[in-house]
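The values are calculated or read from the model by the stated rules, or taken from the named source; none is laboratory data. What you are looking at is a predicted structure, and each value in this text was computed from that prediction instead of being measured. Positions of Cβ are generated from backbone atoms using ideal geometry, with glycine treated the same way; all protein chains shown enter the neighbour counts. With ligands, DNA and RNA removed, areas are computed over all heavy atoms of the protein, side chains included. Shrake-Rupley method; radii C 1.70, N 1.55, O 1.52, S 1.80 Å.
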Amino acid sequence: MSTPQRDGRRAERREAARQGARPVRASGALPGSGGDFVRPDGALVEHKATRAASFRITKAMWDKIAGEARREMREPMMLINISGLRLEVRAAP
């Protein structure tokens, strides 16, 4: 049986493998275990996927991944897949 959570985890694993990234252990399950995977360039990535026509990014979402990345001295990044459209979101320099 497919659930949104299971589909999301599957998409995270697929994307991490595609990028040669290392999954974060207990991602989202433990306090301080932020992000979903770490890319070879060192970016801490929060992955979001939806089949809907849109996805809303809030400042609170960005602040969460940015804070987690800062604690690990990494660059924060969000990777968003909206119905097959793949977007990488990073802070402007």
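Could you work out the relative contact order of the chain, using alpha carbon pairs under 8 angstrom and six or more residues apart, expressed as a whole percent? Walk me through the numbers on the way to the answer.
Numbers: 136 pairs, mean separation 20.0, N = 93.
Relative contact order comes out at 21 percent.
Quick one: helix 4-19 against the long Cα principal axis of the chain, what's the angle to the nearest 10°, folded into 0 to 90? So the inclination is approximately 60 degrees. Projected label points at residue 83 and residue 63, each 7 Å from Cα along the beta carbon direction, are separated by 3.1 nanometres.
The sum of -39500 (n - 2.57) across all DSSP H runs of n ≥ 4, divided by the residue count of the chain, sets its helix-only mean residue ellipticity at 222 nm to -10000 deg cm²/dmol. Accessible surface for segment 50-93, divided over its residues, is 72 Å² per residue with a 1.4 Å probe. Here the extension length gained between residue 18 and residue 6 equals 2.5 nm, from 0.36 nm per residue of separation less the Cα-Cα distance.
For the chain, the carbon plus sulfur part of the accessible surface works out to 56%, probe radius 1.4 Å. Local charge for residue 82 was computed over the other residues whose Cβ lies under 11 Å away, with Lys and Arg +1 and Asp and Glu -1, and equals +4. Relative to the dominant Cα principal axis of the chain, helix 59-71 is inclined by about 50°. For residue 8, the shell of other residues with beta-carbons less than 12 Å away shows a net charge of +2, using +1 for Lys and Arg and -1 for Asp and Glu.
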